[in-house]
Amino acid sequence: MSDEIKKMIIEYVKKEYLDEDSDQEVKEDTKLISSGIVDSFSMVSLKTYLEKKFSIKLPDEDATPEAFDSVNNIIELIKKFGAKV
Amino acid sequence: MAYSSKAKDFYSGELQGMKDKGIFKEERYIQSPQAASIKVEYPKGAEPKQVLNFCANNYLGLSSHPDVVKAAHEALDSRGYGLSSVRFICGTQDIHNELEIKMSEFLGMEGTCLFPSCMEANAGLFDVVLTPEDAMISDRLVHASIVDGLKLCKAQMFNYKHNSMSHLEEKLQEAQSCRLRMIITDGVFSMDGDIAPLDKICDLADKYDAMVMVDDSHATGFIGKTGRGTHEYHNVMKRVDIITTTFGKGLGGATGGSVSGPKEIAEMCRQRARPYLFSNTMPPAVVAGSLKVLEILSKSTDRRDKLEKNTTYWRAGLTKAGFDLKQGDTPIVPVMLYNAKLAQDIARDLYHEGIYVTGFFFPVVAQGQARIRTQISAGHEMEHLDKALAAFTKIGQKYGILGLKKDEIIAKYGL
């Protein structure tokens, strides 16, 4: 199940944040924030997506750049707030 | 609590960390008025040097125009130095109202509200006109001041890939259940110098019933046939709803900003925008200078035309020399270097050649997008441009990057 969710988040990141012609690879441990794939502005839409998708609420104080910096980190974050992964 | 050694050590450590990472912003002291040619002390304590300025927002060369300076002097005499207050208490003069009227006329809008800066205009606007029932749908590359303004607003936030109309349309569809929708974009994007496709944005706005807001800070005064901005450039002057812009770039370069649009929006800003309510009024000298700038620009397009000619010449010269440029149609001409250290090294070497430019790198631009952002001015003469082209060519040869494309530069210098 967790692998499916990882894949889903990776697909979302690629579709939402990479240019159509980008050949950049996104894996579960790819740096998302510190590599510039997801900027701090776009983190807001990523947070909204996760909250809607998993019917959870991520408190702003926990939605840090570190917590969003890889798909692995995101999985840990959403698990902490009750997502079934 | 006193400023303890603990606090001192913390801040010193932070500053040292910035220096170690090479992201510390070192000031260079200009000892002359802002112009195409300036006298600069750099590094601090060094013998001042006369250099050609290729990184100012002085697009129309009006920062030190004698008529603008004279108008500012006269306002100092007739209206004083400052208002010592915010606008709504006792800080509005007749000339503030006059500037709002003239600015509305210039941009083709119903009303205008002045702010101390465009940063504050953007910080104030969104929270005033949008609520949690509404949607703000923003290009991802908008200016930092818009990002700050959006973060202060409680409306639902959507953003779309830079200038991607298909992605914007997806977001408009997602936002259809919201009460009001506002598409938010820069007119000219400051780092790449590209122009937002406002004609297509307005088509989508019509299709999905959305307002269009544009920050035209890098356009007002010189983009479009008569310099009205990107809405004129794209022939959508009556279809863009709200324009924020600055008096701090092309329009004289001092400070000040504005929100222009329907009269209700301008009035809502006067009633509720926090930076308007709690920041001091634009100084009278700046207001009078800005009025003079609008008068100059309304009489003739000579400066705007010269800027266009200079920009074409500059872009062609750099292309012929073999530099890798971001394509565009504005006086912002980024020379792409991709590697941050390379951008810094070339900027430093150009300074020694008498050319004043700045290297840009992450986090100001995305990782691997380091560059030197050159900016052209109507104040540049042909000999300035030729001297700078010669210097760029010399330094480009030194680093062996002329004729190289992105992959080749990255292969040579890394990211």
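The values are calculated or read from the model by the stated rules, or taken from the named source; none is laboratory data. Everything quoted here is computed from the prediction, not taken from an experiment. As a convention, Cβ positions derive from the backbone with ideal geometry for all residues, glycine included, and neighbour counts pool all protein chains shown.
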_Show the residue pairs meeting these rules: Cβ distance below 7 Å; 6+ apart or different chains; first residue within region B:321-336 and more than 21 Å from B:T230 (Cα to Cα); second residue among the basic types (K, R)._
B:D324/B:K405; B:D324/B:K406; B:L325/B:R315; B:V335/B:R371; B:M336/B:K326; B:M336/B:R371; B:M336/B:K406
*Filter result (among the basic types (K, R) and within 9 Å of chain A (Cβ to nearest Cβ)) within region B:113-170*: B:R140, B:K151, B:K161
*Hey, can you tell me all the residues within region B:230-260 that are at positive phi and surrounded by 22 or more Cβ atoms within 10 Å (Cβ to Cβ)?*
B:G252, B:G253, B:G256
_Condition first: modelled with pLDDT under 90 and in contact with a strand residue (DSSP E or B) (Cβ under 6 Å, 6 or more places away or on another chain). Now tell me which residues in region B:322-371 satisfy that._
B:F361, B:G368
*Taking region B:330-379 as the region of interest, how many residues are in a loop (DSSP other than H, G, I, E, B), of a type outside the set (A, V, I, L, M, F, W, C) and closer than 21 Å to B:Y42 by Cβ?*
5
*Give region A:17-32 a look and list any residue that's crowded, with 16+ Cβ neighbours inside 10 Å and either touching a residue at least 60 places away in the same chain (Cβ under 8 Å) or within 8 Å of chain B (Cβ to nearest Cβ) (or both), or say none.*
A:Y17
*In region B:296-346, what residues are surrounded by fewer than 16 Cβ atoms within 10 Å (Cβ to Cβ) and β-branched (V, I, T)?*
B:T312, B:T319
*With respect to A:E51, is the statement that it is assigned to a helix (DSSP H, G or I), at pLDDT 90 or above, under 13 Å from the mean Cα position of the chain (by Cα) and of a type outside the set (F, W, Y) true?*
yes
*asked:* If the requirement is being surrounded by 17 or more Cβ atoms within 10 Å (Cβ to Cβ), closer than 30 Å to B:L385 by Cα, touching a helix residue (DSSP H, G or I) at 6+ places or on another chain (Cβ under 9 Å) and not polar (S, T, N, Q), which of these qualifies: B:V293, B:V287?
replied: B:V293
*Only one of these conditions is not met by B:H143: (1) farther than 14 Å from B:V214 by Cβ; (2) in contact (Cβ under 8 Å) with a residue 60 or more places away in the chain. Which number is it?*
(1)
*Residue check, A:S35 touching a Lys or Arg at 6+ places or on another chain (Cβ under 8 Å) and within 9 Å of another protein chain (Cβ to nearest Cβ)*: no
*In the list B:E308, B:E264, B:E232, which residue meets the criterion of being under 28 Å from B:L152 (Cα atoms), acidic (D, E) and not in a loop (DSSP other than H, G, I, E, B)?*
B:E264
*asked:* Based on this model, can you work out whether B:I409 counts as away from every other protein chain (no Cβ under 14 Å), out of contact with any strand residue (DSSP E or B) (no Cβ under 8 Å at 6 or more places or on another chain) and either of a type outside the set (S, T, N, Q) or surrounded by 19 or more Cβ atoms within 10 Å (Cβ to Cβ) (or both)?
replied: no
